[in-house]
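Here the structure comes first, spelled out in structure tokens, and everything after it is commentary.
The values are calculated or read from the model by the stated rules, or taken from the named source; none is laboratory data. Computed from a predicted structure; not experimentally measured. We place every Cβ from the backbone using ideal geometry, glycine too, and count neighbours over all the protein chains shown. All accessible areas refer to the heavy atoms of the entire protein, side chains included, with ligands and DNA or RNA removed. Shrake-Rupley method; radii C 1.70, N 1.55, O 1.52, S 1.80 Å.
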Amino acid sequence: MSFVESLTLMLALAYSASLLYWSGKKSGAVVTIIIAVGAGISSLYWPLLVALAIAATSLTIFTKLRPEAAKGELRANSLRDGIQHLLALSMLLVGVQFAANTAMLKAGITPWLARPDVGDAFLPIAGGIELKAIMTLGLWDQTHPAAAVMLAVVLLTGLLCKRAFCGWACPLGLAGEYLYKLRKRFIKQEFMPPAWLDWPLRMLKYLLLAALLYIIIGMPSASIPQYLAGNYHKIADLKMALFFVTPGLITLICFAFILGLSAWRRQGFCRYICPYGALLGIISFLSPFKIRRSTQHCLIETKGMNCDKCTRACPANISVHTQKNIRSDECQACMRCVSACPKREALHFSTRNGIKLSARGLTIMLLLIMFIIPLGAYVGDFWHSQTLDQDRIYLIQHLKSIGH
Ligand code: SF4
Ligand code: SF4
């Protein structure tokens, strides 16, 4: 685990412990601290221990300077923006470190900067095949184990808290938001497709997901060990990086289409293209937490008003004010509707039997899922790639000739 990964992880766990403490869940805060300290001591890995010390110091200073932020007593929109920007910054640093590591490999130098394993999160097919290997063969891949771990993490977020990963954590969603805002500065008009076009466009992402699942499910279990031991799998991350760094004409056209789509319509990429969004959308139907509108408190039923503030705040264009439970696969649990609602208690992110999750509670749940599982995987020796640098130096020289 590189230093950037260790620091992000420890900062996230320290912040989760702080939020748990200030929300009155002191035992949860203690358990989180014990897990972080225990993992640091049992691994005796200096980046984790240094990151833990930095996280504890930063949080203490942060609590003095911005107590309301340290306690999570912000409006949902500010809390979500802060989490999303910090995670995006971490991913940016991970990208820079990955690029530096790759440049050293390409130059034939044994890298002194570690490869950040979390970058394997961008290998969803490898992650899917690895999960299949674990489930059908009991085989735990040692080449890109973080791909399986991160895929499992994302799936678990969908199962527990809808598409909160998209709304609160995904750096691509954030980039799309900026593109959309940039476009709106110059062209104010909204370009919403009519319903008859919107629906088939939304199905595009499910088609892409079906293609990915076809590759994963279609691979016979018997050939998985051979695939996982092969050179293609060993450099799947480098192939992926090469794909983005040296795009062909068709790839460039696809990129231009995606950028145009994101600028054209808010959340255009998430809504129409992203196969991860499609996967989370399907799984999110199982999530016990949903946005629920209480007719006992909503101004429509109690005062007969024509309120639709929740609907107007929704970036996914969901008609919140006309439904009691938002089951839509497009709901990213962003809580913008809850923030916009003038009537306390009218809208909640809650279970059917009334367990409510505030923005702070959702932040805690998301951060704990996203960071405790990778920490456990690291301590359990299922995170770091076992491929030797010397092998990667050799393989990167022959990158173009290595196929499936
Ligand atoms: S329904 Fe609410 S939580 Fe869901 S996407 Fe719309 S604004 Fe966000
Ligand atoms: S914003 Fe609140 S009060 Fe208004 S319709 Fe939506 S849930 Fe009801």
Taking region 123-142 and keeping only residues that are surrounded by fewer than 20 Cβ atoms within 10 Å (Cβ to Cβ) and outside any helix (DSSP H, G or I), one is left with Gly138, Leu139, Trp140, Gln142
Being assigned to a helix (DSSP H, G or I), within 15 Å of ligand 1 (Cβ to nearest atom) and surrounded by 20 or more Cβ atoms within 10 Å (Cβ to Cβ), is that true of even one residue in region 297-317? yes
When you look at Ala36, is it of a type in the set (A, V, I, L, M, F, W, C) and in contact with a Leu (Cβ under 6 Å, 6 or more places away or on another chain), yes or no? yes
Options Ala53, Ala12; residue that is open to solvent by less than 60 Å² (accessible area, probe 1.4 Å) and in contact (Cβ under 8 Å) with a residue 12 or more places away in the chain: Ala12
Using the structure shown, decide if Val37 is without any contact (Cβ under 8 Å) to a residue 40 or more places away in the chain and open to solvent by less than 60 Å² (accessible area, probe 1.4 Å). yes
Taking region 344-361 and keeping residues loosely packed, with under 14 Cβ neighbours inside 10 Å and either part of a loop (DSSP other than H, G, I, E, B) or within 8 Å of ligand 1 (Cβ to nearest atom) (or both) leaves Arg344, Glu345, Arg352, Asn353, Gly354, Ile355
Taking into account only those residues within region 248-269 that are in contact with a Phe, Trp or Tyr (Cβ under 9 Å, 6 or more places away or on another chain) and open to solvent by less than 40 Å² (accessible area, probe 1.4 Å), which is farthest from Cys161 (Cα to Cα)? Thr251
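Applying the selection to region 61-79, what residues are assigned to a helix (DSSP H, G or I) and either open to solvent by 60 Å² or more (accessible area, probe 1.4 Å) or farther than 27 Å from Leu347 by Cα (or both)?
Answer for region 61-79, where residues must be assigned to a helix (DSSP H, G or I) and either open to solvent by 60 Å² or more (accessible area, probe 1.4 Å) or farther than 27 Å from Leu347 by Cα (or both): Ile61, Phe62, Thr63, Lys64, Leu65, Glu68, Ser78.
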Mind listing whichever residues of region 319-331 are assigned to a helix (DSSP H, G or I) and near ligand 1 (Cβ under 7 Å from one of its atoms)? Val320
Extreme residue, least open to solvent (accessible area, probe 1.4 Å), among residues of region 332-343 that are in a loop (DSSP other than H, G, I, E, B) and within 14 Å of ligand 2 (Cβ to nearest atom): Met335
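Condition test on Ile258, is it in the same structural domain as Arg183 (by TED's automatic domain parsing), in a helix (DSSP H, G or I) and over 24 Å from Gly119 (Cβ atoms)?
Here the answer is no, as Ile258 does not meet what is asked.
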Qualifying position, being within 23 Å of Leu13 (Cβ to Cβ) and open to solvent by 20 Å² or more (accessible area, probe 1.4 Å), among Leu388, Leu375, Leu368: Leu368
